[in-house]
Amino acid sequence: MKITKVEAIPFNIPYGKTLKWATGQADAANHVLIIIHTNEGIKGYAEAIPRPTIYGESQISIVTAIKNWFEPFLLNKNPYSLHSIQLEMNKFPGNNTAKGAIDMALVDIQARSASQPMYRFLGGEQTSIPLTWMVNLDTPEKMIDQVIEKYEQGYKSFKVKGGIDPVQDVELVKNIRNTLGEKIFLYIDANQGYSLSTAGKVIRELSEYGVSLIEEPLPKDIYVRNFSKIRFLSSAPDVCILGDESVFSAKDVLRELNSDTIDMVSLKPARTGVSESKEIMTLVNLFGVDVLIGTQGETAIGTILSAQIALGLNVINYPAELSFFTIFKENLVTEQPEVINGELHLNDSIGSGIEIDEDRLAFSRL
């Protein structure tokens with residue numbers, strides 16, 4: 001089997017509203033659909049997700065990298081030659097999501113060629129995973145309404161976007177906890193928004209309201225980061241620090257775990273594909289820390305692939321942050337992932353199971 005073509009198709013799907021977080025905002029998914037073709041008619045799919053302020057990638061840069069740099073050496077390669085392909089791609093620094101998408105599409109081809117669902121091809125067995133609902137920044141009243149609505153739909157885990165106003169973050173968590181009690185798992189993403197002097201106090205106060213997990217409270221490049229965890233643990237020993245912006249790669253994960261700055265890892269297949277996700281899982285298992293599946297704001301395409309990888313690599317101890325696709329009124333797949341009572345369910349379709357609706361793609365492509 002040989003690769004005959006690599007498509008990188010930019011598309012736009014509106015959210016329907018502007019979503020905000022501590023370091024930015026967006027009102028649409030301006031992503032890139034990746035399709036890798038083979039001479040046997042088997043195709044692999046993936047979604048590359050630009051985050052200019054996080055990874056330094058744009059829609060244009062992803063398309064350019066794939067068409068000008070990656071496709072030329074992918075042509076005529078066997079899709080199973082992942083190691084040699086990774087070595088070629090890594091000659092180009094950065095380009096996290098472009099590389100991750102190519103890797104996922106190649107594994108999709110492998111699973112389809114083996115006539116296996118992707119999760120099973122990767123060694124998994126479970127076919128469903130509980131979901132976390134991401135409570136996006138809004139007025140406090142509307143954020144609480146979001147939680148109540150999604151709890152009634154079956155969600156039991158919620159992540160609150162914070163990091164802009166620490167006092168408001170604590171008050172919001174307090175009100176959510178007072179509204180729904182101990183029936184939900186509740187944590188907060190500070191998006192690197194707290195100062196060192198603020199973080200310890202906020203974490204201590206949040207722990208009083210049953211928050212046992214906080215994501216990236218400090219700027220990832222702050223020089224006191226290596227010394228900060230002792231302060232956090234002394235003030236709130238039951239609160240775990242979840243790494244996200246600090247752990248783009250397996251090398252990052254190793255550095256942070258060696259420095260003891262994080263307790264958990266947010267694994268995002270959009271930036272690590274399958275191959276590097278496996279490397280990260282090896283590291284977290286060696287260090288004895290836990291991991292959850294984070295989100296990059298995937299449409300249904302990226303959601304399906306992330307769920308396949310989560311279940312294939314057995315990343316199931318925590319609910320996955322893969323509910324974002326439900327906010328879209330339109331999607332490019334012929335069959336949406338199924339969410340039942342707050343859980344995402346995969347079927348036994350071959351490979352990723354992704355099939356593209358060509359009419360919807362024609363309408364959304366740029």
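Among residues of the range 39-53 being farther than 23 Å from Asn90 by Cβ and touching a residue at least 40 places away in the same chain (Cβ under 8 Å), the one that is most open to solvent (accessible area, probe 1.4 Å) is Glu40. Of everything listed in (1) in a helix (DSSP H, G or I); (2) open to solvent by 20 Å² or more (accessible area, probe 1.4 Å); (3) at pLDDT 95 or above; (4) not aromatic (Phe, Trp, Tyr), the single unmet condition for Asn314 is (1). The requirement of being assigned to a loop (DSSP other than H, G, I, E, B), modelled with pLDDT under 90 and among the basic types (Lys, Arg) is satisfied by Lys220. Here the condition is being β-branched (Val, Ile, Thr), closer than 25 Å to Lys5 by Cα and crowded, with 21+ Cβ neighbours inside 10 Å; of Ile176, Ile109, Ile188, it holds for Ile109 alone. Just so you know, in the range 348-366 the residues that are under 21 Å from Ala105 (Cα atoms) and free of Cβ contacts under 8 Å to residues at least 24 places away in the same chain include one that is least open to solvent (accessible area, probe 1.4 Å), and it is Ala362.
Tell me, please, whether a residue that is open to solvent by 60 Å² or more (accessible area, probe 1.4 Å) and touching a helix residue (DSSP H, G or I) at 6+ places or on another chain (Cβ under 9 Å) can be found in the range 125-137.
In the first step, residues of the range 125-137 are kept if they are open to solvent by 60 Å² or more (accessible area, probe 1.4 Å); the result is 125-126.
Now drop any that are not touching a helix residue (DSSP H, G or I) at 6+ places or on another chain (Cβ under 9 Å), which leaves 125-126.
Checking the range 125-137: at least one residue is open to solvent by 60 Å² or more (accessible area, probe 1.4 Å) and touching a helix residue (DSSP H, G or I) at 6+ places or on another chain (Cβ under 9 Å).
Does Ile36 satisfy the condition of being over 21 Å from Thr326 (Cα atoms), in a helix (DSSP H, G or I) and touching a residue at least 60 places away in the same chain (Cβ under 8 Å)? Talk me through it step by step, then tell me what you get.
Details: over 21 Å from Thr326 (Cα atoms): yes; in a helix (DSSP H, G or I): no; touching a residue at least 60 places away in the same chain (Cβ under 8 Å): yes.
Spelling it out, it is not the case that Ile36 is over 21 Å from Thr326 (Cα atoms), in a helix (DSSP H, G or I) and touching a residue at least 60 places away in the same chain (Cβ under 8 Å).
Taking every residue in the range 199-220 that is open to solvent by 40 Å² or more (accessible area, probe 1.4 Å) and pairing it with any residue that is of a type in the set (A, V, I, L, M) and assigned to a helix (DSSP H, G or I), at least 6 positions away or on another chain, the pairs with Cβ-Cβ distances below 8 Å are Glu205/Val170; Tyr209/Val170; Tyr209/Val173.
Within the range 335-366, how many residues turn out to be assigned to a loop (DSSP other than H, G, I, E, B) and either under 25 Å from Tyr155 (Cα atoms) or of a type outside the set (S, T, N, Q) (or both)?
15
Considering Ile301, Ile262, Ile293, which residue is in contact (Cβ under 8 Å) with a residue 12 or more places away in the chain, buried (at least 19 other Cβ atoms within 10 Å of the Cβ), out of contact with any helix residue (DSSP H, G or I) (no Cβ under 8 Å at 6 or more places or on another chain) and among the β-branched types (Val, Ile, Thr)?
Values: Ile262 fails: out of contact with any helix residue (DSSP H, G or I) (no Cβ under 8 Å at 6 or more places or on another chain); Ile293 fails: out of contact with any helix residue (DSSP H, G or I) (no Cβ under 8 Å at 6 or more places or on another chain).
Exactly one residue qualifies, and that residue is Ile301.
When Phe92 is tested against (1) open to solvent by 40 Å² or more (accessible area, probe 1.4 Å); (2) in contact with a Gly (Cβ under 9 Å, 6 or more places away or on another chain), just one condition goes unmet, and that condition is (2). Candidates in the range 170-217 are the residues that are under 23 Å from Pro130 (Cα atoms) and among the hydroxyl-bearing types (Ser, Thr, Tyr); of these, the one that is modelled with the highest pLDDT is Tyr187. Count of the range 273-290 residues, restricted to those that are open to solvent by 10 Å² or more (accessible area, probe 1.4 Å) and of a type outside the set (D, E, K, R), is 9. Among the residues of the range 54-85, the ones that are open to solvent by 60 Å² or more (accessible area, probe 1.4 Å) and aliphatic (A, V, I, L, M) come to 2 in all.
Sub-9 Å Cβ pairs linking a first residue in the range 56-76 that is touching a residue at least 12 places away in the same chain (Cβ under 8 Å) and farther than 16 Å from His31 by Cβ to a second residue that is among the aromatic types (Phe, Trp, Tyr) and open to solvent by 10 Å² or more (accessible area, probe 1.4 Å), at least 6 apart or interchain, are Trp69/Phe92; Phe70/Phe92, ordered by first then second residue.
The values are calculated or read from the model by the stated rules, or taken from the named source; none is laboratory data. Here the structure is a predicted model, which means the values were calculated and not measured. For neighbour counting, all protein chains shown are included, and Cβ atoms are generated from backbone atoms with ideal geometry for every residue, glycine included. We work out accessible area using only protein heavy atoms, side chains counted, and drop any ligands, DNA or RNA first. Shrake-Rupley method; radii C 1.70, N 1.55, O 1.52, S 1.80 Å.
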